[in-house]
Amino acid sequence: MLHGPGGRLVAIDPRPAWGDPDFDAVDWALDGVSCAAELAERAGRLAELVPGLRADRLRDWAGALGALTGEARLRAGHEDARTRFLLGS
């Protein structure tokens, strides 16, 4: 958020959030991942690069939100390893 004209707030992030910063990084953690080892590695690398980001919290958010992504992939006909991983099977 930035201060805009007249002291009004202007959103510059297409998905702004006021809360757990690890939630904002979940899309980058899950992108293209098809197994738990890949997710752990990605979460660890992101946590090293982003101050304040926690790999464990990022993995937790990925587990919670992965089902939403997996369900959408399944409805679109993607029955592959990535979809199965996201759905927890």
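Coordinate-derived values only; no laboratory data. Remember, predicted model here, so these are calculated numbers, not experimental data. We place every Cβ from the backbone using ideal geometry, glycine too, and count neighbours over all the protein chains shown.
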Candidates for percent of Cα pairs over 20 Å apart are [x] 43; [y] 28; [z] 25, and the calculated one carries label [x]
Based on DSSP H runs of at least 4 residues, each adding -39500 (n - 2.57), what is the mean residue ellipticity at 222 nm of the chain after dividing by all its residues, to the nearest 500 deg cm²/dmol? -16500 deg cm²/dmol
Using 0.36 nm times the number of residues separating Arg75 and Glu38, minus their current alpha carbon distance, what extension gain do you get? 10.9 nm
Cα long-axis angle, helix 55-75 against the chain (0 to 90 degrees, to the nearest 10): 70 degrees
Could you rank the peptides 19-31, 75-87 by their average count of other C-beta atoms within 10 Å per residue, with the highest value first? 19-31, 75-87
Compute the length gained on full extension between Glu48 and Ala64: take 0.36 nm times their separation in residues and subtract their Cα-Cα distance, giving the result in nm to one decimal. 3.6 nm
